[in-house]
């Protein structure tokens with residue numbers, strides 16, 4: 001008998017371990033808990049289905065979310081969430 005062990009994936013385990021922190025940054029639970037949506041947000045920097053984007057969270061939440069994702073992922077031009085969060089934080093200087 002075989003079964004899938006999705007909880008053995010490092011990304012899934014990491015998200016579960018910091019779930020409350022991710023939620024506190026303003027990420028919706030349906031993004032944090034869903035692998036496809038999480039990956040979409042990482043790659044595109046927003047969630048089209050719900051309308052969530054870094055613009056919908058405070059600058060402090062954006063800074064904390066950026067700190068969290070940097071603790072697990074390497075910044076990459078392929079992961080637009082890094083850029084989107086950095087732009088949100090930089091707007092702090094102009095707001």
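Values in this text are rule-based calculations from the coordinates and carry no lab data. As the structure is a computational prediction, the values presented were derived from the model and not from experiment. Note that we place each Cβ from the backbone using ideal geometry, even for glycine, and neighbour counts take in every protein chain shown.
Annotations for the structure displayed:
- Selected residue [assigned to a helix (DSSP H, G or I) and surrounded by fewer than 12 Cβ atoms within 10 Å (Cβ to Cβ)] from 42, 20: 20
- Selection status of residue 78, over 22 Å from residue 9 (Cβ atoms) and either out of contact with any strand residue (DSSP E or B) (no Cβ under 6 Å at 6 or more places or on another chain) or surrounded by fewer than 18 Cβ atoms within 10 Å (Cβ to Cβ) (or both): no
- Candidate set: segment 65-81, residues that are assigned to a helix (DSSP H, G or I) and free of Cβ contacts under 8 Å to residues at least 24 places away in the same chain; chosen: the one farthest from residue 25 (Cα to Cα): 70
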